[in-house]
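Following: one structure in structure tokens, then a few remarks.
The values are calculated or read from the model by the stated rules, or taken from the named source; none is laboratory data. On a predicted model such as this, the values are computed, not experimentally measured, just so you know. As a convention, Cβ positions derive from the backbone with ideal geometry for all residues, glycine included, and neighbour counts pool all protein chains shown. Please note that ligands, DNA and RNA were not included when accessible areas were found on the heavy atoms of the full protein model with its side chains. Shrake-Rupley method; radii C 1.70, N 1.55, O 1.52, S 1.80 Å.
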Amino acid sequence: MPRDVNLKLADAGTPIANTTALTAIDVEGGWFGMVRLLIATITDADETINLTVEASKDGGSTYFHICEFPQFVAADDNIEIARVAYFPRPSSGQTSLKVRLKARAVAGTTPSMPTTAYLEPLLSLAPPAMDEQLAQ
């Protein structure tokens, strides 16, 4: 399935190695989407990590939690998992919503979690008149 490189939250080429907030991307907001994770081979046998998705409506000053994934351990090699989230509209005066992946290393001596993450908008396949009727 093709993915939009502009909606990439993480790249396995730079494995997650500690508690960190990855670089935020800008999106329009006001839509439902899926955050899809692909975790490759985990190199440390005692790793445990929590991954959440955060958004900022105010241009990046304040982030809030919009979805999370189950806790990942070393046995979760080569897994693909997704979560649906609502990406709210940015605050008045802001042109975009900032979205980022946040990792919290819970355990592991040398964490290395090669993770690729993408946002994938969920699109309605209903004709426009149907969408308008449902919105009322």
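Return the residues of region 103-136 that are modelled with pLDDT of 55 or more, of a type in the set (A, V, I, L, M, F, W, C) and not in a loop (DSSP other than H, G, I, E, B); say none if nothing qualifies.
If the condition is that a residue be modelled with pLDDT of 55 or more, of a type in the set (A, V, I, L, M, F, W, C) and not in a loop (DSSP other than H, G, I, E, B), then 103, 105, 106, 107, 113, 117, 119 are the ones that fit.
Show the residue pairs that are 6+ apart or on different chains and have beta-carbon atoms under 6 Å apart, the first residue being within region 8-31 and in a loop (DSSP other than H, G, I, E, B), the second being open to solvent by 60 Å² or more (accessible area, probe 1.4 Å).
19/104; 29/89; 30/89
Please go through region 15-30 and give me each residue that is over 14 Å from the mean Cα position of the chain (by Cα), open to solvent by 30 Å² or more (accessible area, probe 1.4 Å) and at pLDDT 85 or above, ordered by number.
Hit for region 15-30 is 28, nothing else.
Can you name the residue in region 86-102 that is assigned to a loop (DSSP other than H, G, I, E, B) and not hydroxyl-bearing (Ser, Thr, Tyr) and, of all such residues, is farthest from residue 22 (Cα to Cα)?
Narrowing region 86-102 to residues assigned to a loop (DSSP other than H, G, I, E, B): 88-96.
Subsequent filtering for residues that are not hydroxyl-bearing (Ser, Thr, Tyr) retains 88-90, 93-94.
On the way: 88: 20, 89: 21, 90: 20, 93: 25, 94: 21 Å.
Result: 93.
Can you tell me which condition residue 42 does not meet? The list is (1) in a loop (DSSP other than H, G, I, E, B); (2) open to solvent by 20 Å² or more (accessible area, probe 1.4 Å); (3) farther than 18 Å from residue 8 by Cα; (4) modelled with pLDDT under 90, and all the others hold.
(2)
Of all residues in region 1-44, count the ones that are in contact with a Gly (Cβ under 7 Å, 6 or more places away or on another chain) and more than 18 Å from residue 105 (Cβ to Cβ).
Narrowing region 1-44 to residues in contact with a Gly (Cβ under 7 Å, 6 or more places away or on another chain): 24, 44.
Then keep just the ones that are more than 18 Å from residue 105 (Cβ to Cβ); that gives 24.
The number of residues fulfilling the criteria is 1.
Within region 1-12, can you find the residues that are within 17 Å of residue 80 (Cβ to Cβ) and open to solvent by 40 Å² or more (accessible area, probe 1.4 Å)?
Narrowing region 1-12 to residues within 17 Å of residue 80 (Cβ to Cβ): 1-3, 7-12.
Listed by number, the residues that qualify are 1, 2, 3, 8, 11.
From the residues in region 53-85 that are under 19 Å from residue 29 (Cα atoms) and not in a strand (DSSP E or B), which one is most open to solvent (accessible area, probe 1.4 Å)?
Filtering first and then ranking leaves 61.
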